[in-house]
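Here the structure is laid out as structure tokens; the discussion comes afterwards.
Here, each number is a calculation from the coordinates, and none is a lab measurement. Predicted model only: the values in this text are computed from it and were never measured. Backbone-built Cβ (ideal geometry, glycine too); neighbour counts: all protein chains shown.
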Amino acid sequence: MIAIIDYDAGNLKSVEKAFDYLGERTVITRDREEILNADKVVLPGVGAFGDAMDKLHRYGLVEVIREVASGGRPFLGICLGLQLLFESSEESPGVEGLGICKGKILRIPDADGLKIPHMGWNSLMYDHPGRLFAGIPEGSYVYFVHSYYLQAQDPEIVTASTRYATHIHASVEQGNVFACQFHPEKSSGVGLTILKNFISL
């Protein structure tokens, strides 16, 4: 069973539907025991960094997430869920992230002809072999919606990147912790394959 962490984020239902489509049993929950007893855990998210961290603290989820991340079970962060895994974000100065991975979240720089937020399909370049991308050709397109992007401290954890005004770390893998800046649940067949690969870990 996959536990989808409920902290009032916007895209919980679309993530649940994608796993349901793949025949995987899910539960949307903020219950500590349900999360710790799940086979896999997903932290989705759409919204603001500071508000999200406030809710994770309010619902007592910060230590639960850190426990899952250190315990070896597959953990997947999606969009804001990726950003929260890192140390800080320019979106919310002074707010500490979960700090499970080293790095910071920066605002996408302005560039001629490019709109922010970045909304749409971009192709992936593979930095290092990533288990989420097994069977997916480099250059495949996935769907992004974001105004802030990851700059990971350790390039070795970066599995995929894309370019939109700057070089964006689009996916990371650190032991049992996986995360995507893009939305696999909205990325058509490629995204479903990514979620299948996560299920099979």
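Structure values in brief
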item	result
DSSP bridge orientation in region 43-145 - percent antiparallel, rounded to nearest 5	65
Electrostatic dipole magnitude of the chain [Cβ: Lys, Arg +1; Asp, Glu -1; Cα centre; debye, to 20]	320
Residue of Y149, Y21, Y126 that the Gaussian network model of the chain assigns the largest fluctuation, springs spanning Cα pairs under 10 Å	Y21
DSSP beta bridge pairing in the chain, given as percent antiparallel to the nearest 5	60
Student exercise, region 102-189 dipole from Lys, Arg, Asp, Glu Cβ charges, in Debye to nearest 20	200
Potential extension, A134-S147 segment - 0.36 nm per residue separation minus Cα distance	1.9 nm
Efficiency of FRET from Cβ geometry, L192 and K115, R₀ 25 Å, rounded to 0.05	0.35
Cα-based equivalent ellipsoid of the chain: semi-axis lengths in Å, sorted from largest, via gyration tensor	23, 20, 15
Percentage of interatomic Cα-Cα distances in region 95-201 larger than 23 Å	24
Kyte-Doolittle mean at least 1.0, axial Cα span of 15 Å or more - DSSP H helices of the chain	188-199
Dipole of the chain, positive direction: furthest Cα of I105, T193, L132, with charges on the beta-carbon	T193
Region 1-65 versus region 128-201: alpha-carbon centroid distance in Å	19
Positive-end residue, region 65-115 charge dipole about Cα centroid, Cβ charges, pick of L80, V68, V95	V68
Cross-link pairs beyond the 24 Å C-alpha cut-off, checked among K13/K55; K13/K104; K115/K186; K17/K40; K40/K102	K13/K104
Stretchable slack from R107 to E90, in nm (0.36 nm times residue separation minus alpha-carbon distance)	5.5 nm
Contact order normalised by residue count of the chain, Cα under 8 Å, 6+ apart, percent	19
Label-to-label distance, nm, for residues given as E156 and H57 (7 Å Cα→Cβ offset)	3.2
Mean ellipticity per residue at 222 nm, deg cm²/dmol - from DSSP H runs of n ≥ 4 across the chain, formula -39500 (n - 2.57)	-7500 deg cm²/dmol
Charge dipole magnitude, Cβ of K and R +1, D and E -1 - region 18-69, Cα centre, debye nearest 20	100
